[in-house]
Ligand code: ADP
C-alpha cells in the first residue's frame, strides 16, 4: 500500500491546496493531509479550525485522512507508514525552499518527496494572499471553499 503525507500550514486551506489533494489522492492508495502545529508560526486559525476546514472540504475523498503533527515531519511520516511526502509547486520562488526541505528529509528520514505542479488558475494563490485580501475587506470567493470564506469573514469582523 502506497501512503503519502501532504504537510502544510493550511492557514487557511485554499482551492490550490484542494486541487493538489484531489489529484494526489489518485496517485496513492492513501493520502494523509497533515496540518503542521508549528510553535514558531502564529497562525490566524487554530489547529482545530484548520483540521475542521480540511475535513469539511475533503469528505468526498474516501482515501484521504486529515491529521496533524508537531516536531519532525519524517517522524510523523514514519508513524503513518508513509513512503512519500507530497508537496505542491507554484512559481520558481517555491523551488529553493522545497529543494532544501526535500534534500534534508531524504537525508534524515530516507523519504522521497514528490512534487505536483499547481493548476494554472491557482498559480498565484497562497494562504497569505487570501488572508491579506480578506483582512482588507476584499472578496476571496473562488480562492477558498464557501465555509472557509465564512470563517474568514467571522475572524476579521472581531
Ligand atoms: P507551508 O507552510 O508548509 O508552506 P502551506 O499551507 O503554505 O504550508 O502549503 C502547503 C503545500 O501546498 C506546499 O507544498 C505549497 O507549495 C503547496 N501550495 C500552496 N498553495 C498552492 C497552490 N495554489 N497551488 C499548488 N500548491 C500550493
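See the values below:
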quantity: Any chance residue 130 is touching a residue at least 12 places away in the same chain (Cβ under 8 Å), surrounded by 15 or more Cβ atoms within 10 Å (Cβ to Cβ), more than 12 Å from the ligand (Cβ to nearest atom) and within 15 Å of the chain's Cα centre (by Cα); calculated: no
quantity: Counted residues, region 78-100 - those being closer than 22 Å to residue 64 by Cβ, assigned to a helix (DSSP H, G or I) and within 14 Å of the ligand (Cβ to nearest atom); calculated: 1
quantity: Residue ID - farthest from residue 80 (Cα to Cα), chosen from residues in region 19-39 that are within 11 Å of the ligand (Cβ to nearest atom) and surrounded by fewer than 19 Cβ atoms within 10 Å (Cβ to Cβ); calculated: 19
quantity: Qualifying position, being surrounded by 11 or more Cβ atoms within 10 Å (Cβ to Cβ) and modelled with pLDDT under 95, among 95, 143; calculated: 95
quantity: Some residue of region 43-61 being surrounded by fewer than 16 Cβ atoms within 10 Å (Cβ to Cβ), within 17 Å of residue 16 (Cβ to Cβ), within 13 Å of the ligand (Cβ to nearest atom) and within 16 Å of the chain's Cα centre (by Cα); calculated: no
quantity: Criterion (within 17 Å of residue 116 (Cβ to Cβ) and in a loop (DSSP other than H, G, I, E, B)) met by exactly one of 27, 31; calculated: 27
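The values are calculated or read from the model by the stated rules, or taken from the named source; none is laboratory data. What you are looking at is a predicted structure, and each value in this text was computed from that prediction instead of being measured. Heads up, the Cβs are rebuilt from the backbone with ideal geometry, glycines too, and the neighbour counts pull from every protein chain shown.
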